[in-house]
Each structure stands twice: as structure tokens, then as C-alpha cells.
Amino acid sequence: MKKTEIIIIFSLILNTSCSFFKSSDETLHMAFDDVGYILEFPLEVNLNKKGFPEVNSVGMREIKILENYLIIEKSSSGALWEIYDLPDYKFLGSFFKIGDGPLEFMQGSDLNKVAFEKENGSLLAYMYDFQKGRVMKFNVSESLELDQEVLTEYVGDIIPFSFAFAKLDSNTFFVKEVFNRDTQQVRYTITNGKKKPLDVAAKLNDVTIQEGEDFNILSTLTGYNRIKDRVIEAPIGLNNINIYAIDGTFKKSICLEEKLSDIKQIQSTFRWNRIYTIANLSLFDDFFGIVFINENEGVYQMSRKKLPSILLFDYEGKPLAKIGTGEHFTSFDIDFKNQTMYTFDVHSDEFIKYDLQNILPKL
């Protein structure tokens, strides 16, 4: 009996130990099962400066180029948006002020969360109000023509403080909300105030971090291309990009290194030693691009030793190009009409343009 008891106890200890070590060896990724590893690009180029746009770049946060307009988002207490004509940079108007009025924003509307559309010949911007949980409709063309804001509330029952926002159709929106005591970020759609689970993103939604951890580990820069029906999620602290269709017919992850970032390992790493990976996401008709930083957060905040690069992919996740500039920058956009690329650096206020005449035909 004694010998049997000893064997059973030893067996239990061994099984518990094996279970413990197995658990500690497991990795945690925010990615789909289908992963493509991107280690090289068919086109790699380094651009030379073409010049500096003649606009006031002080206080800029982000840029957006649409048709012949350059839209600048600012962080100042004055106008939140400034709009210029391209390519001569003629100032066309400034719009939106900080405030708590019915047609005011308590903080700027992130250009990354604005859905721009053409309707009856007019350029419209559907803007997510982060604090108030609503969507505002801004008629860009009419506002410039009248030299005053043509702004109305479009939908008033979107959740506030969403970590991602995209307009899918006239009354359906994609959002990403923090759940479960700030340990999850869950994606779903919302139509007329009613939430609907997004089945295609279930694997991403299930990822959970430790309670009390920085929920930005799961944060992503998010964009939606309606023509391609593709959601692009570029995590700011992970080395993979997730691409999927709202209707569930496509889902894939692309990893920018030889193996996926392990969220468990990140959580056990001191905050300033974690890697800051992606700073900006820009979507175009046929491809999208990111600003790839891939630098230790502490080093990035203090000295920025690595130069960023722009990585371009098609909507199936195929790599197209890697672009370097020899400069530091945090965001970019492309003027296809004038074959020019613009970069902006939020740390130094440097706003630079580059010639893309020899690059765009190759993409």
C-alpha cells in the first residue's frame, strides 16, 4: 500500500510539473492560423528629398491626401483641421474647434478613424467622436465652397472610447471595445445601436492579457477598404498584421519577422524594453502601407537610433515594396495624381516630400 501511495503521489507531482512547464512554454499570439512570413520585398528603394511643403507644420499630428486636397490634423487649441490645395499648397480653410457644444469635439477626430467617401460629386468625411460616441458627417466640398463648416450629426448611438472605428455601409459600423476588466479588445459590428459579433475575428477577440497589464499590448491601427472588403489591423507593439474580410471569406496574418511576437513574453518584459513596431497605417485603392519602427520603446522615446521604413502590401498580404528615406518620420501618405509621397515626423515637425515617378509604376 505504502509503495502504491508513493507511486501515485510521485505520479501526481510529475504530472503537475509537466503541466506547469507545458503551460509556461506555451506562446500567445494575436494572429490567425494562416500566417505568411515576410522576410524580403520584391522592390526595395531609398528615396531622396524633393523638398519641404510650404505649410505651417507646427502642431501637426497626421496628414491625409484625397484628390487634390492635403488635410492636416493638428493638436493645437485652434482649428483641428487645415486643408490645402495640391500641388501648390494654397490654404483653403480651417475647421473644427475644441469644445463641448453640439457640433464641437472634445478632442481632435483621429484621421485614421475618418471614413472619406464621394457622394453626388461631393467629398464627405464621416468622423468618429471618441468622447461622445457618435458619428459626425462633414461635407468637405461644400464647406470649402461656402467657407464654413457643413457639419451634422449622422449617428448618435455608437459607443464612446472605441479603439477602432470604420464605416462599413450607410448604417453599419465596425468598432473595437475594451472588455473584461481591460484584458481584452473585442471587435464587433453595430447597426442601429445593435451589436453583432464579428465571427471572422473570434480568434483575435479571444486573446487576453493579464489583469492590470497595459491594454495597449492589444491595440492596433485599423483601416477598412470597402471595395476590397478588407479590414487591416496593424498592432503597435506586435510584429504581425492581420487582414480579414467582414463577410468571413478571407483571413490571414503576415509576420514581419521569422516568428510571431509572443504576448506572454511581452508581458514579462519591462515596459521600456518592449518593442514599438508600427506607427502609422495608410490605405489606398490597391494596396496599403505601414510605417515600421521596430525599436525598443525606451530607446525610441529618448534617442531613436533606428530609421523607420514604409512597407507596402496588397490586400492579400503579398509584399510589394520597402521604402526608406534616410529620415525619421511617424506617418506618410501618397499623392497619386502628382506622384509624390509625403512624410511627417510628430517629434520634430519635419514635413518632407519625395518624388515617386519611378516607383509607382512598379507597384
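Here, each number is a calculation from the coordinates, and none is a lab measurement. The model shown is predicted, which means the values in this text are computed figures rather than measured ones. Note: ideal-geometry Cβ built from the backbone for every residue, glycine included; neighbour counts use all protein chains shown.
Just checking the listed ones, H29, H347, H328: in the Gaussian network model of the chain with Cα springs under 10 Å, the one fluctuating most is H347. Between the stretch 316-352 and the stretch 251-277, the alpha-carbon centres lie 24 Å apart. Each peptide in 290-303, 144-157 gets a packing score, the mean of other Cβ atoms within 10 Å over its residues, and the list from highest to lowest is 290-303, 144-157.
Only lysines eight or more places from K132 in sequence, or on another chain, were considered; those with a Cα closer than 24 Å are K64, K74, K97, K113, K167, K176, K194, K195, K196. For K318, the lysines whose Cα falls under 20 Å of its own Cα, not counting residues fewer than eight places away in the same chain, are K228, K251, K252, K259, K362. An ellipsoid equivalent to the chain, defined through the eigenvalues of its Cα gyration tensor, has semi-axes of 40, 25, 19 Å when rounded to whole angstrom and sorted largest first.
Given a cut-off of under 8 Å on Cα pairs at least six residues apart, what relative contact order in percent is computed for the chain? List each step's numbers first, then the result.
Working: 778 pairs, mean separation 61.9, N = 363.
Value for the chain: 17 percent.
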